[in-house]
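The structure appears below as structure tokens.
The values are calculated or read from the model by the stated rules, or taken from the named source; none is laboratory data. Small disclaimer: the values here were computed from a predicted structure and weren't measured. When we count neighbours, we look across all protein chains shown, and the Cβ atoms used for this are built from the backbone with ideal geometry, even at glycine.
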Amino acid sequence: MASTSVSPVTLVVGDEELLVDRAVAALVAAARDGDPEVDVHDLVPAQVTAGKLAEAASPSLFGERRVVVLRSSQDLTKDLAAEVTAYLKDPADDVVLVLVHAGGAKGKALLDAAKKAGAARVECAKPTKPAERLTFIKEEFSRGGRQITADAAQSLLDAVGNDLREIAAACTQLIADTEGRVDAAAVARYHTGKAEATGFTVADRTVEGRLPEALEQLRWSLSVGTAPVLINSALAGAVRGIAMAAQPPRGIPEAEIAKRAKVPPWKLKTLRQQARGWTPQGVARAMRVVAETDALIKGAGRDPAYALERAVIEIATARNAGRG
């Protein structure tokens with residue numbers, strides 16, 4: 001049977017990708033606590049067919065436990081949503097299903113069906129007010145066993161902006177590079193706001209498949225002191241943008257696509273150019289690489305620079321995955 005610490009069906013609801021990624025990672029980790037060999041299927045709608053879904057969610061003949069993560073479930077076709085709804089009425093004993101849903105009106109019938117089936121629920125709403133983002137910063141430091149003063153938290157927010165992933169990366173950098181309680185002087189000293197640009201350059205060259213340039217930019221970025229977490233955050237953002245530009249949901253206005261990709265509308269043209277050559281399989285591989293690299297940088301590996309170099313190579317290579 002599935003791990004007793006994880007519900008057979010869990011809804012992860014919200015539009016803040018960092019919180020969603022953390023919630024999914026926590027659920028997978030909890031399932032692995034019960035069975036380290038659990039098989040994980042992490043799927044986006046572009047990868048899902050009726051056969052693929054049935055295969056992933058069917059009981060195993062060999063008793064293998066598995067976790068099926070279905071991201072952006074609000075974007076499933078009507079037929080696939082109906083298949084998931086039918087599964088919710090009789091979930092398999094050895095499968096943990098994680099349904100990720102943006103929480104809006106789109107795909108609400110599936111959301112309601114999961115609620116009716118008694119699914120556990122994890123809220124991942126985007127912080128919309130400055131006070132909520134300041135609270136997030138303080139909580140990030142608490143997670144790291146540290147404290148930050150109120151004025152330092154405000155300075156950090158002013159320097160980084162409103163993107164939660166960038167805020168989290170900056171907090172991680174400060175926790176790693178300082179000692180004791182972090183004050184505004186420490187924020188000013190360690191966060192100039194300039195080093196991030198080189199991380200974005202690394203990311204752009206990587207998703208464009210320009211591997212020699214990407215590696216050169218990576219080494220330069222690390223040599224001038226850019227924190228590895230910021231570079232990987234930039235890689236994560238670039239891959240998310242490619243995923244949105246490569247296969248945008250049908251019927252979605254340009255402004256909404258830009259919002260989901262977390263870029264200004266004018267940058268969609270650049271994203272579409274960068275998305276040429278990418279396949280759904282390549283995008284899925286790149287997303288996994290970013291997640292693995294995040295874990296390696298934050299403690300699972302000993303050499304963040306090596307982990308980033310490997311990530312750049314694998315993501316640039318994934319750009320051509322599945323091409324003839």
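Key figures for this structure:
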{"read-out": "Some residue of region 70-92 being in the same structural domain as LEU27 (by TED's automatic domain parsing), in a strand (DSSP E or B), at pLDDT 90 or above and under 15 Å from VAL20 (Cα atoms)", "value": "yes"}
{"read-out": "Within region 21-73, tally of residues that are free of Cβ contacts under 8 Å to residues at least 12 places away in the same chain and among the small types (Gly, Ala, Ser)", "value": "3"}
{"read-out": "Any hit, region 203-214, residues being of a type outside the set (D, E, K, R), surrounded by 24 or more Cβ atoms within 10 Å (Cβ to Cβ), in contact (Cβ under 8 Å) with a residue 24 or more places away in the chain and touching a Phe, Trp or Tyr at 6+ places or on another chain (Cβ under 6 Å)", "value": "no"}
{"read-out": "Any hit, region 9-20, residues being in contact with a Phe, Trp or Tyr (Cβ under 7 Å, 6 or more places away or on another chain) and in contact (Cβ under 8 Å) with a residue 12 or more places away in the chain", "value": "no"}
{"read-out": "Leading residue by the ranking (farthest from the chain's Cα centre (by Cα)) among those in region 261-296 that are touching a residue at least 40 places away in the same chain (Cβ under 8 Å) and farther than 25 Å from GLU309 by Cβ", "value": "PRO280"}
{"read-out": "Options PHE136, PHE141; residue that is touching a helix residue (DSSP H, G or I) at 6+ places or on another chain (Cβ under 9 Å), surrounded by 12 or more Cβ atoms within 10 Å (Cβ to Cβ), closer than 19 Å to VAL12 by Cα and assigned by TED's automatic domain parsing to the domain that holds LEU174", "value": "PHE136"}
{"read-out": "Within region 230-257, tally of residues that are part of a loop (DSSP other than H, G, I, E, B) and modelled with pLDDT of 90 or more", "value": "0"}
{"read-out": "Lone qualifier among ALA92, ALA119 - being within 17 Å of ALA57 (Cα to Cα) and out of contact with any strand residue (DSSP E or B) (no Cβ under 7 Å at 6 or more places or on another chain)", "value": "ALA92"}
